[in-house]
Every structure is written in structure tokens, then in C-alpha cells.
Amino acid sequence: MTKRLQVYRCNVCGNIVEVLYAGVGELVCCGQPMEMLEEKTDEVGKEKHVPVIEKTQSGVKIKVSSVPHPMEKEHHIGWIEVIADGKAYRQFLTSKDSPEATFVIKADNIIARECCTLHGLWRSKG
């Protein structure tokens, strides 16, 4: 059974999907069950992955960790997402971008997530 906003990856082709509506079926890609990416918060590597939430006058800025994250072709942050007040906002990144994103939103309770192409899904609350 899937839950809303879970993220899954195909271990064959690398496709990544996010669940918009919960369901009872199994997610399959390339003939294989997809792997659910667990939201990491305090594991080894957290210093380079846990999103840092900074509230600004115009909204919120999310930086990927307090230590600069590599932004290389094979190892970079693919996207940063903010979930607030029942809405999700996402900024896609490439290896040429800085590992940060700014969102023009006003919210008290924010969840920030980012997906590293090598180390998976990371989350923080602010």
C-alpha cells in the first residue's frame, strides 16, 4: 500500500515517482517492484544532506546542509521540495546549479525534502 507523498525509485532505469494519491497496488517499473525511498534525517552523511530551512522576508530558502554538497554529473541534488499547508512546491536542479532553492510562500510549519542522486531522500522540519 502506498501513501501520499512517498517517493519511489526504479533500481533498473532510475525513474523516480512521487505518490499523489494513496493506493493499494504495488508500484512497478521495468518489470520490477519500485523501491520506496526512506526519508533520512540523522544518518551518516547528514552534514551534507539534511535541508536547512531559512525563513526570509519573501518566503523560505532551502539550502542543502550546512556543508556544501557536491554538484557533479553523477552526484548532485536532483530536486528540493517544500511541503506546507497542504501544498507541495518543487525546484529541479542540475549539476550546474547551487544546492539551494527559494520559494515565495508564507507558512509556519514547513517540511523540506531533497533528493541526492547518490544518497537518496532527506527531510527536515522548520
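The values are calculated or read from the model by the stated rules, or taken from the named source; none is laboratory data. This one's a predicted model, so the numbers in the text were calculated from it and none came from an experiment. Because the Cβ atoms are built from the backbone with ideal geometry, glycine has one as well, and the counts that use them run over all protein chains shown.
Points worth noting:
- Filtered residues of segment 14-40 (kept if under 14 Å from the mean Cα position of the chain (by Cα) and surrounded by 14 or more Cβ atoms within 10 Å (Cβ to Cβ)): 16, 17, 18, 19, 36, 37, 39, 40
- All of 64, 12 fail the test of being in contact with an Asp or Glu (Cβ under 7 Å, 6 or more places away or on another chain) and either closer than 15 Å to residue 126 by Cα or not assigned by TED's automatic domain parsing to the domain that holds residue 115 (or both), apart from 64.
- In segment 70-86, residue surrounded by the fewest Cβ atoms within 10 Å (Cβ to Cβ) [restricted to those that are under 14 Å from residue 119 (Cβ atoms) and more than 14 Å from the chain's Cα centre (by Cα)]: 74
- Flag if residue 56 is in contact with a Gly (Cβ under 9 Å, 6 or more places away or on another chain), polar (S, T, N, Q) and surrounded by fewer than 17 Cβ atoms within 10 Å (Cβ to Cβ): no
- Failed item, numbered, when residue 80 is tested on (1) in a loop (DSSP other than H, G, I, E, B); (2) under 23 Å from residue 15 (Cα atoms): (1)
- If you go through segment 92-116 and keep only what is part of a loop (DSSP other than H, G, I, E, B), surrounded by fewer than 18 Cβ atoms within 10 Å (Cβ to Cβ) and of a type outside the set (A, V, I, L, M, F, W, C), you end up with 94, 95, 96, 97, 98, 106, 108, 109.
- Answer from 89, 8 - the residue that is surrounded by 14 or more Cβ atoms within 10 Å (Cβ to Cβ), aromatic (Phe, Trp, Tyr) and touching a residue at least 24 places away in the same chain (Cβ under 8 Å): 8
- Number of residues in segment 30-58 that are among the small types (Gly, Ala, Ser) and at pLDDT below 95: the value is 2.
- Top-ranked residue of segment 11-59 - restricted to ones that are without any contact (Cβ under 8 Å) to a residue 60 or more places away in the chain and of a type in the set (Val, Ile, Thr), ranked as nearest to residue 101 (Cα to Cα): 56
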